[in-house]
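Take a look at the structure set out below.
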Amino acid sequence: MNVLVINCGSSSLKYQLIDMNNENVLAKGLAERIGIEGARVKHEALGMDKVVIEKPMTDHKDALKIVLDALVDTKHGAIKDLKEINAVGHRVVHGGEKFSGSVVIDDDVIKALEECIELAPLHNPPNLIGIRACQELMPGVPMVGVFDTAFHQTMPKSSYIYPLPYELYEKYGIRKYGFHGTSHRFVSARAAEILGKDLKDLKIVTCHLGNGASLAAVKNGESVDTSMGFTPLEGLAMGTRCGDIDPAIVTFIMEKEGLDIDGINNLLNKKSGVLGISGVSSDFRDIEIAASEGNERAQLALDKFNARVKKYIAAYAAVMGGVDAVVFTAGLGENSASNREAICSGLEFMGIEIDKEKNNVRGKDAIVSTDNSKVKVLVVPTNEELMIAKDTVELL
Ligand code: ADP
């Protein structure tokens, strides 16, 4: 069974075609700059060179057309006929409180997704556009929606309720939803496999550290707390997002700097985090280089980032009444040995002991704690696309 996994952003469409008989990625790629000048699709089929197809695309439907053509292209395609695509799995950012798992997409689901737009105005509309484009161009092919928020729907109310007037939760659905759920679910399950333990017996802190970053407390296979909140702005200091700050700062800055709602949103989402502190970049590689060259603010940004991850690890151990494993994933978590070491150092009192040599690893499954470490520390590359494809197969 071949599953096409689609992840639509506001001006991009990422895709992977996966043969679920052997989990081989037959083709993958990215359509970018959709609707603006310089639109292109970067496409790569298994065992072939990457090609870049430069073509104007007014919308996601145009982009999908080009992607489907690339998939069946005689020179750089992966399949002979579109009939070989048996199902489509869509990444959907926000499922609100309606979806606690993946679903087969039908008219009712689309209606429910439209109702969630208010909760994710930047993300859900392109996800819906992607779904509609597939319906038009691949009529009759079954589709599944996999939500970033669904895994966290198991959180107890004491985790997800905010200390605000309760009516705001009832009126507007203001509560913690959490994101990166597909990744937290994938890496926690994989960590249990690597450790040869039953996920149901484990208390795991999963650290998804990319440009956007979040932690989850996964107890007996269920998310019981997570650091992102009503939106992906809460929690860790991220590439450009501020994470936890005193909420009173918001109105203070608005007044002092004369910012309106868009202005403050832009400042907190795009100009803060490690970019804001360092003034160097939102990319951790640039910041690490600057810090190694003596840039103090770059070092401060790294210190702030690491300190907050450390704080959340300890907090989530408290939430779960202990911790058996800490798992690092995503761009930074998978690749940066120095960050993992800095985050774990000082947590020896909790039984977390990193092995410097074993930790010298990037982008592959590994246990990086010492043999004696009470808490196991793991690196597990995330694979949200495979998780989406697996859910798609399971539901169909
Ligand atoms: P997202 O999907 O949220 O855009 P990724 O999971 O791709 O993010 O992670 C991107 C981040 O990971 C970037 O800040 C990048 O600098 C960081 N990263 C990737 N490789 C390395 C590395 N070798 N060392 C340090 N940081 C890295």
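The values are calculated or read from the model by the stated rules, or taken from the named source; none is laboratory data. These figures come from a predicted structure and were not determined experimentally. Cβ: placed from backbone, ideal geometry, glycine included. Neighbour counts: every protein chain shown. Remember, those area values only see protein heavy atoms, side chains included, never the ligands or the DNA or RNA. Shrake-Rupley method; radii C 1.70, N 1.55, O 1.52, S 1.80 Å.
Some observations on this one:
- For GLU222, neighbours were defined as the other residues whose beta-carbon sits under 12 Å from its Cβ, and their charges (Lys and Arg +1, Asp and Glu -1) total +3.
- Using a Förster distance of 22 Å, the FRET efficiency for ASP286-ALA307 (Cβ separation, nearest 0.05): 0.65
- Using a probe radius of 1.4 angstrom, the carbon and sulfur fraction of the accessible surface of segment 2-147 is 48%.
- Surface accessible to a 1.4 Å probe, per residue, for the residues of segment 226-323, Å²: 51
- Fraction of antiparallel bridges per DSSP, the chain only, in percent to nearest 5: 70
- Here the spin labels are modelled as points 7 Å beyond Cα on the Cα-Cβ line, and at ILE36 and VAL104 they lie 3.9 nm apart.
- Applying D = kT/(6 pi eta Rh) to segment 174-247, where Rh is the Kirkwood radius over alpha-carbon pairs, T corresponds to 4 °C and eta to 1.567 mPa s, the Stokes-Einstein value obtained is 102 µm²/s.
- With 0.36 nm allotted per residue and the present C-alpha distance subtracted, the ILE253-LEU300 stretch has 14.7 nm of extension available.
- Modelled spin-label separation between ALA112 and THR154, with each label point placed 7 Å from Cα along the Cα-to-Cβ direction: 1.9 nm.
- Taking the DSSP beta bridges with both ends in segment 198-379, the antiparallel portion is around 60 percent.
- The modelled label-to-label distance between LEU164 and LYS61, using points 7 Å beyond Cα along the C-beta direction, is 3.7 nm.
- For LEU202, the residues 5 or more places off, or on other chains, whose built amide H falls under 5 Å of its own are ASN220, GLY221.
- Among THR154, THR149, the order of accessible area from largest down is THR154, THR149, computed with a 1.4 Å probe on protein heavy atoms.
- Protein heavy-atom surface of segment 198-379, 1.4 angstrom probe: 50% of the accessible area is carbon and sulfur, with nucleic acids and ligands not counted.
- Phi angles of segment 198-207 translate, via the Karplus equation with coefficients 6.51, -1.76, 1.60 and θ = phi - 60°, into HN-Hα couplings of 7, 3, 5, 9, 10, 10, 10, 9, 9, 10 Hz per residue; Gly and Pro are given as x.
- For segment 47-59, the Karplus equation 6.51 cos²θ - 1.76 cosθ + 1.60, evaluated at θ = phi - 60°, returns couplings of x, 10, 6, 5, 10, 10, 9, 9, 8, x, 9, 7, 8 Hz by residue, with Gly and Pro reported as x.
- Theoretical ellipticity at 222 nm over the chain - DSSP helices of four or more residues, -39500 (n - 2.57) apiece, nearest 500: -11000 deg cm²/dmol
- Where LEU215, LEU26 fall by accessible area, highest first, once all protein chains stay in place (1.4 Å): LEU26, LEU215
- Net lengthening on full extension, GLU193/ASP246 (0.36 nm per residue, minus Cα-Cα): 15.1 nm
- Segment 20-48-segment 105-169 distance, computed between alpha-carbon centres (Å): 24
- For ILE245, solvent-accessible area (1.4 Å; no DNA, RNA or ligand), Å²: 70
- If the segment from SER10 to LYS83 were pulled out straight at 0.36 nm per residue, it would be longer than the present Cα-Cα gap by 23.5 nm.
- Mean separation of Cα pairs under 8 Å and 6 or more residues apart, divided by the residue count, gives segment 1-109 a relative contact order of 24 percent.
- Relative to the longest principal axis of the Cα atoms of the chain, helix 384-395 runs at roughly 60 degrees.
- Accessible surface area normalised per residue over segment 2-147 is 48 Å², counting heavy atoms of protein chains with a 1.4 Å rolling probe.
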